[in-house]
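Here is the structure we will look at.
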Amino acid sequence: MKPREQFMENAQGLFADLGGNDERNEPADDEGRRDPLRFRTIWISDIHLGTTGCQAERLLEFLRATESETLYLVGDIIDGWQLKRRWYWDQPHNNVVQTVLKKAKKGTNVIFVPGNHDEVIRQFIDLDFGGIKIRDELVHVTADGRRMLVLHGDRFDGVIACAKWLAYVGDSLYTMILKFNQWFNSWRARAGLPYWSLSQYLKSKVKNAVSYITSFEDALADEAKKKGLDGVICGHIHKAEIRDIGGVTYCNDGDWVESLTALVEDPSGALRLVTWGEIMQLKKAAKEAKAAAKDLILA
């Protein structure tokens with residue numbers, strides 16, 4: 001586990017490229033970096049670096065396996081709420097920061113839209129640091145000409161807006177659920193059973209949770225419509241989704257705590273959700289095809 005000073009150095013590096021030129025701090029090259037899957041744009045959010053629930057190692061695999069012209073970090077990248085309660089920051093978390101820095105250094109257009117958990121970064125809105133642009137919200141134009149509002153979405157959350165103390169309570173309960181999930185799913189893995197999410201189950205079954213999610217999605221779609229835009233891309237509620245709401249394309253890129261999802265745009269402008277598992281399978285298939293072609297040439 002890294003000391004507090006190391007975290008502060010790397011957190012500053014996310015905006016000012018401090019430490020980004022130190023090769024000793026950068027993750028070593030591996031097979032996953034060769035022949036990456038290429039997209040026009042990638043959106044990821046709700047990583048929650050600084051928590052035990054963050055799937056930093058899998059995110060690192062995803063980042064190494066993909067390349068894009070633009071990478072959006074759509075909020076809650078670093079979990080300042082949890083870090084205030086309990087310090088946690090290990091090497092994979094550092095490696096994620098360094099990998100993002102390296103992408104920016106090599107020409108990827110990296111845009112960071114802070115969320116409520118990393119709201120301290122909002123003091124840097126409209127500034128650029130170390131190749132990373134800090135923005136509150138912005139409009140992304142897809143390759144097929146659609147104009148999409150990009151923002152984290154927390155200001156459309158009634159709990160955050162009207163009763164922030166309740167949001168802190170909910171965050172603590174969510175952390176407890178995640179800890180139970182880690183214990184329960186370690187048992188399921190030993191039994192040969194797939195991952196099962198209690199929080200996702202509760203969200204889908206509890207009437208108030210379903211109503212909350214629907215209201216959030218409707219509010220974001222309405223905001224895009226008011227601005228005369230074609231759609232909206234957000235994070236915040238940890239529920240990956242693409243759907244039409246009254247003629248507006250609503251997209252949520254999910255999270256890197258449980259769903260391990262990202263939103264991607266292909267060269268034609270089409271938007272779709274991808275999972276860590278899908279990307280790993282595509283990389284494996286590409287590697288096998290390349291090996292087969294090499295064997296055919298040598299035969």
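Give Gln182, Gln82 a once-over and let me know the one that is surrounded by fewer than 17 Cβ atoms within 10 Å (Cβ to Cβ) and at pLDDT below 95.
Values: Gln82 fails: surrounded by fewer than 17 Cβ atoms within 10 Å (Cβ to Cβ).
So the residue among Gln182, Gln82 that is surrounded by fewer than 17 Cβ atoms within 10 Å (Cβ to Cβ) and at pLDDT below 95 is Gln182.
Residues that are surrounded by fewer than 18 Cβ atoms within 10 Å (Cβ to Cβ), of a type outside the set (Val, Ile, Thr), closer than 30 Å to Thr142 by Cβ and modelled with pLDDT of 50 or more: does segment 48-59 have at least one?
The first filter runs over segment 48-59 and keeps only residues surrounded by fewer than 18 Cβ atoms within 10 Å (Cβ to Cβ), leaving 52, 57-58.
Then keep just the ones that are of a type outside the set (Val, Ile, Thr); that gives 57-58.
Among the residues that remain, those that are also closer than 30 Å to Thr142 by Cβ are: 58.
So of that shortlist, the ones also modelled with pLDDT of 50 or more come out as 58.
Scanning segment 48-59, I find at least one residue that is surrounded by fewer than 18 Cβ atoms within 10 Å (Cβ to Cβ), of a type outside the set (Val, Ile, Thr), closer than 30 Å to Thr142 by Cβ and modelled with pLDDT of 50 or more, so the answer is yes.
Just checking: which of the helices (runs of 4 or more DSSP H) contained wholly in segment 186-299 hold 3 or more residues that are modelled with pLDDT under 80 and of a type in the set (A, V, I, L, M)? Can you show your working first?
On the way: elements: 198-205, 207-226, 276-298.
Qualifying helices (runs of 4 or more DSSP H): 207-226, 276-298.
Can you go through Val120, Val74, Val97 and tell me which one is in contact with a helix residue (DSSP H, G or I) (Cβ under 7 Å, 6 or more places away or on another chain), crowded, with 16+ Cβ neighbours inside 10 Å and not basic (Lys, Arg)?
Details: Val120 fails: crowded, with 16+ Cβ neighbours inside 10 Å; Val74 fails: in contact with a helix residue (DSSP H, G or I) (Cβ under 7 Å, 6 or more places away or on another chain).
Among Val120, Val74, Val97, only Val97 is in contact with a helix residue (DSSP H, G or I) (Cβ under 7 Å, 6 or more places away or on another chain), crowded, with 16+ Cβ neighbours inside 10 Å and not basic (Lys, Arg).
The values are calculated or read from the model by the stated rules, or taken from the named source; none is laboratory data. What you see is a predicted model, and the numbers here were worked out from it, not measured in a lab. Cβ sites come from the backbone with ideal geometry, for glycine too, and all protein chains shown count toward neighbours.
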